[in-house]
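The structure under discussion appears below in the form of structure tokens.
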């Protein structure tokens with residue numbers, strides 16, 4: 001039975017997600033992968049977390065170039081592709097590119113204060129909504145991927161689960177050809193959360 005509160009939250013967050021995807025659709029093609037603080041604020045609005053983007057403006061401008069380059073790399077390898085259409089070797093490649101992009105959030109030379117790995121996954125999902133999912137505790141829970149939680153119920157090293165989550169999405173989407181990635185996201189997001197497992201357990 002889906003979690004009704006989670007269903008309502010998913011619907012609200014989807015509106016925030018659409019604000020950003022509509023913004024991206026309106027950008028000129030030549031500057032699609034040129035990011036600014038506005039992109040981060042759209043993602044922050046969608047993720048609805050507690051973190052604020054506090055990277056100094058000069059440093060942010062430089063760091064965002066790395067994120068834009070990572071997005072271009074995914075686009076170059078998989079233009080307009082859907083996750084369900086990928087063969088095994090392609091799936092391994094997209095996971096490698098996605099993991100490389102998430103690592104920008106933990107590398108001191110490219111990490112942006114207030115913009116962690118799950119936020120980067122949302123950035124990827126917005127640019128490639130048929131190819132890559134959002135990395136989220138609720139979706140990991142719904143996909144039945146074991147995680148370790150802090151006492152604040154945050155997933156420890158959440159970025160380490162992205163490849164497993166992408167593979168799970170790929171498996172189900174191939175098994176259910178009429179299912180869209182975002183609909184599977186909703187299915188898993190609305191699964192009731194399992195009992196809290198803290199890092200001390």
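The values are calculated or read from the model by the stated rules, or taken from the named source; none is laboratory data. Here the structure is a predicted model, which is why all the values come from computation and not from measurement. All Cβ positions, glycine included, derive from the backbone under ideal geometry; neighbour counts span all protein chains shown.
A few points about this structure:
- Unique match (being touching a residue at least 60 places away in the same chain (Cβ under 8 Å) and under 18 Å from residue 47 (Cβ atoms)) among 169, 127: 127
- Top-ranked residue in segment 39-88 [being buried (at least 16 other Cβ atoms within 10 Å of the Cβ) and not in a helix (DSSP H, G or I); ranked as modelled with the lowest pLDDT]: 55
- Test: residue in segment 28-35 that is modelled with pLDDT under 95, touching a helix residue (DSSP H, G or I) at 6+ places or on another chain (Cβ under 6 Å) and farther than 18 Å from residue 131 by Cβ: no
- Verdict on residue 179 being under 24 Å from residue 6 (Cβ atoms), at pLDDT 95 or above, buried (at least 20 other Cβ atoms within 10 Å of the Cβ) and over 16 Å from the mean Cα position of the chain (by Cα): no
- Residue check, residue 118 closer than 22 Å to residue 42 by Cβ, surrounded by 14 or more Cβ atoms within 10 Å (Cβ to Cβ) and in contact (Cβ under 8 Å) with a residue 60 or more places away in the chain: yes
- Residues of segment 41-58 that turn out to be touching a residue at least 40 places away in the same chain (Cβ under 8 Å), out of contact with any helix residue (DSSP H, G or I) (no Cβ under 8 Å at 6 or more places or on another chain) and under 22 Å from residue 133 (Cα atoms), as a count: 0
- Contacts under 6 angstrom Cβ, first residue in segment 19-35 being over 15 Å from residue 71 (Cα atoms), partner surrounded by 10 or more Cβ atoms within 10 Å (Cβ to Cβ), 6 or more apart: 20/42; 20/126
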